[in-house]
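The values are calculated or read from the model by the stated rules, or taken from the named source; none is laboratory data. Being a predicted model, the structure only gives us computed values, none of them experimental. Ideal geometry is used to build each Cβ from the backbone, glycine not excepted, and the neighbour counts take in all protein chains shown.
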Amino acid sequence: MDAETPAWERRSAWRVVSPMAARKLAKVPFVEMADGRLQGVVSSGSDIARVYVSSITAGTHGFSCSTNNNRPCGGLGGPYPCKHLRALADEGVRQYGLDRVAKYLRVEVGEGESLMERLDGTAEPAPAAMVFSRFLRHLAYLELPEAPGPLPEMHWFPATGAVG
């Protein structure tokens, strides 16, 4: 690369978008907009060993929610989202902002309306294993010991500091 190439193109790190508000990591430890869905991992309210992989598909607004053991969520039925999907949507809005999530899911949310009341989806299966696997990989990165130098396996990970 030459000197004309911008600095950000010469680096393997990029600034992470800061959350819009403080997140409730104990309830929704992982949320992302990926693969055409708002998806993530939501903790069970009744069993500390159980989590749910929940997702809302962009465009169709299909709802999916199942346990980490691929058992369907008992609270999801027809056009009614379960409490896990509501928690996922709330945390998605906290992380990315209402405008960004609504645009990603392709839904219009008016002044004073919530994201969930504007979704018109129904139960629709979605792959949970991939989302849960990404969550576990995410946790593994958080457990890496502190090191003074660069970690080769983290070269792709977005930087949180200024790049520039």
(request) Restricting attention to the range 58-107, report how many residues are surrounded by fewer than 16 Cβ atoms within 10 Å (Cβ to Cβ) and of a type in the set (Gly, Ala, Ser). (result) 6
(request) Could you tell me which of the residues Gly78, Gly45, Gly36 is at pLDDT below 90 and closer than 16 Å to Pro125 by Cβ? (result) Gly78
(request) Kindly indicate whether Glu91 is in a loop (DSSP other than H, G, I, E, B), in contact with a Lys or Arg (Cβ under 7 Å, 6 or more places away or on another chain) and of a type in the set (Asp, Glu). (result) no
(message) I need the full set of residues from the range 60-75 which are at pLDDT 90 or above, touching a helix residue (DSSP H, G or I) at 6+ places or on another chain (Cβ under 7 Å) and either under 16 Å from Gly45 (Cα atoms) or of a type in the set (Lys, Arg) (or both), in order please.
(response) Cys65, Cys73, Gly75
